[in-house]
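The values are calculated or read from the model by the stated rules, or taken from the named source; none is laboratory data. Worth saying up front: this structure is predicted, and the values here are computed from it rather than measured. Here Cβ is always computed from backbone atoms with ideal geometry, including for glycine, and neighbour counts include all displayed protein chains. Quick note on the areas: whole protein, heavy atoms, side chains included, nothing else; ligands and nucleic acids left out. Shrake-Rupley method; radii C 1.70, N 1.55, O 1.52, S 1.80 Å.
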Amino acid sequence: MSVQTNVRPGAARLVDPEIGALLALLVFVCLVFSLTSPSFLSGATFTSVAFQLPELGLLTLAMLMPIISNGFNLSVTFTANLSGLAMAAVLHAFGGVDAGALAIALGIVAALATGSAVGWLMGGIIAITGAHPILVSLSMMIFVRGLGEFLTHGGDISGMPDAVQAIGQGTLFGIPAPMFVFVAAVLLWYVVMSRPRLGFTTRMVGSNLEATRYSGISTRRGLTLIYTLSGLMCGIAGIVMLARFNSVRVGHGEAYLLITVLGCFLGGVSPNGGFGRVLPVAISLVILQVIASGLNSLGANQHLATALWGGFLLLVMVVRSIWANGFLQFIFKRR
């Protein structure tokens with residue numbers, strides 16, 4: 001069995017061809033939009049990118065580990081919203097907009113614990129029953145969505161303390177505060193996936209679950225931990241979304257689910273599991289957000305933009321399939 005553990009020195013990762021190709025694509029996208037839209041290269045555009053990127057980025061990081069393990073987490077957006085609801089409930093129990101630092105700290109703990117609990121339950125079911133992750137995560141998505149709508153009666157909870165709003169709307173040294181949260185999350189996931197035990201187990205499980213089990217690795221523990229960490233990242237995303245919108249409801253960020261998958265695949269994550277890295281995915285997210293802002297600057301219809309995301313995902317899958325089937329090697333052989 002051949003497994004790509006992908007554990008290489010950090011310096012080597014920064015100069016590898018995959019990252020170089022993504023950076024070249026980012027430059028090309030910026031050049032195209034700067035030529036087609038005079039207002040694209042402006043401070044307002046890049047501020048908008050920096051405010052909007054973290055929400056999508058955190059949810060994509062939550063999707064990353066399950067996909068590498070040859071699984072899926074369809075409940076990322078609803079888990080994030082349920083985590084936000086938990087934090088909002090704690091804040092409102094302690095005065096709402098007048099809640100103090102202790103209440104905010106308790107709310108953050110409640111959000112992280114809620115996301116982790118959802119992920120732990122989902123991972124445990126997948127690990128123990130052997131059910132397909134798509135079916136389990138779909139069931140969890142329906143359950144979490146229904147629970148959230150029951151708790152909020154289909155409405156939202158709004159009115160948060162200024163300190164909480166600063167997390168999603170404030171700036172530090174001219175840089176939007178959510179961007180610092182996203183960068184910290186990327187570094188955290190980079191460290192987590194670089195650890196030989198967890199990173200190796202995640203990729204081994206994604207490459208061949210049965211072979212991993214027979215090799216002596218506890219696949220139940222590994223799968224449970226993978227989805228628990230995914231839920232934890234959903235909790236962080238829920239905090240940022242709550243702070244950014246100054247409210248929380250079950251349907252926030254539903255459209256992000258497609259883009260999280262697209263961000264993973266564009267960043268080189270294998271749809272068949274076993275391979276994927278954090279830094280290329282982070283760069284791919286920047287590319288996708290720049291494209292979204294560029295389309296907005298051109299006045300593109302939102303529905304057209306959604307269609308383009310789907311078409312882009314199909315294109316990425318076709319290109320990856322051609323590459324994986326050795327098309328280039330075939331061309332070189334004929335020459």
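At 7 Å along the Cα-to-beta-carbon direction for both Ser158 and Leu188, put a label point, then send me their distance in nm to one decimal.
Taking the two extended label points, one gets 2.9 nm.
Roughly speaking, what is the stretch gain from Phe28 to Ala101, that is 0.36 nm per residue apart minus the C-alpha to C-alpha distance, in nm to one decimal?
Details: separation 73, 0.36 × 73 = 26.28 nm, distance 4.49 nm.
Contour length minus the Cα-Cα distance gives 21.8 nm.
Taking R0 as 25 Å, what's the FRET efficiency between Ala255 and Leu298 from their Cβ-Cβ distance, rounded to 0.05?
Details: r = 19 Å, r/R0 = 0.76.
Efficiency for this residue pair is about 0.85.
Kirkwood Rh, Cα Rg: Rg to Rh for the range 21-76?
Radius of gyration relative to Kirkwood radius: 1.13.
Once both labels are modelled 7 Å past Cα along the beta-carbon direction, what's the Phe173-Ile134 spacing in nm?
So the two model labels end up 4.4 nm from each other.
With +1 assigned to the C-beta of every Lys and Arg and -1 to the C-beta of every Asp and Glu, and no other charges, what is the dipole magnitude of the chain about the Cα centre in debye, to the nearest 20?
It comes to approximately 1260 debye.
Rounded to the nearest 500 deg cm²/dmol, what is the calculated helix-only ellipticity per residue at 222 nm for the chain, with -39500 (n - 2.57) per DSSP H run of length n ≥ 4?
Calculated mean residue ellipticity at 222 nm is -25000 deg cm²/dmol.
Would you mind classifying the range 184-290 by shape? Square roots of the alpha carbon gyration tensor eigenvalues, ordered a ≥ b ≥ c; an a/c under 1.5 is rounded, otherwise it is prolate if a/b is larger than b/c and oblate if not.
prolate
If you find the alpha carbon centre of the range 73-101 and of the range 279-296, how far apart are they in angstrom?
With the range 73-101 and the range 279-296 each reduced to a Cα centre, they are spaced 28 Å.
Taking R0 as 56 Å, what FRET efficiency do you get between Arg221 and Leu35 from their Cβ-Cβ distance, rounded to the nearest 0.05?
0.60
Once the whole set of protein chains is in place, how much accessible area is left on Asp98, using a 1.4 Å probe, in Å² to the nearest 10?
Solvent-accessible area, nearest 10 Å²: 130 Å².
Taking only complete DSSP H runs, can you tell me which helices of the chain stretch 27 Å or more along their own long axis by Cα positions and average at least -0.5 on the Kyte-Doolittle scale?
Going by DSSP H runs, the hits are 17-36, 43-68, 101-129, 133-152, 219-245, 278-297, 302-324.
To the nearest 10 Å², what's Val136's accessible area with a 1.4 Å probe?
The value for Val136 is about 10 Å².
Among Ser270, Ser247, Ser321, whose mean-square fluctuation peaks in a Gaussian network model of the chain (Cα, cutoff 10 Å)?
Answer for the Gaussian network model of the chain: Ser321.
What is the set of long-range amide H partners of Ser69 at a cut-off below 5 Å, with H atoms built 1.01 Å from backbone N?
Excluding prolines and chain starts, which carry no amide H, the hits are Gly274.
Name the residue, out of Tyr214, Tyr227, Tyr190, whose mean-square fluctuation peaks in a Gaussian network model built on the chain with Cα pairs under 10 Å.
Tyr214
I want to verify a result. In a Gaussian network model of the chain, Cα cutoff 10 Å, which of these has the top mean-square fluctuation: Ser75, Ser137, Ser297?
Ser297
How would the range 122-235 be classified by its alpha-carbon gyration tensor: rounded, prolate or oblate, with rounded meaning a/c under 1.5 and the a/b versus b/c comparison settling the rest?
oblate
How many angstrom separate the Cα center of the range 30-48 from the Cα center of the range 119-141?
The two parts, judged by their Cα centres, are 42 Å apart.
Quick check on the range 142-192: take the gyration tensor over C-alpha atoms, sort the square-rooted eigenvalues as a ≥ b ≥ c, and tell me if it's rounded (a/c under 1.5), prolate or oblate.
Cα axes put the range 142-192 in the oblate bin.
Quote the charge dipole size of the range 191-270 about the Cα centre in Debye, to the nearest 20; the model charges only the Cβ of Lys and Arg (+1) and of Asp and Glu (-1).
Rounded to the nearest 20 debye, it is 260 debye.
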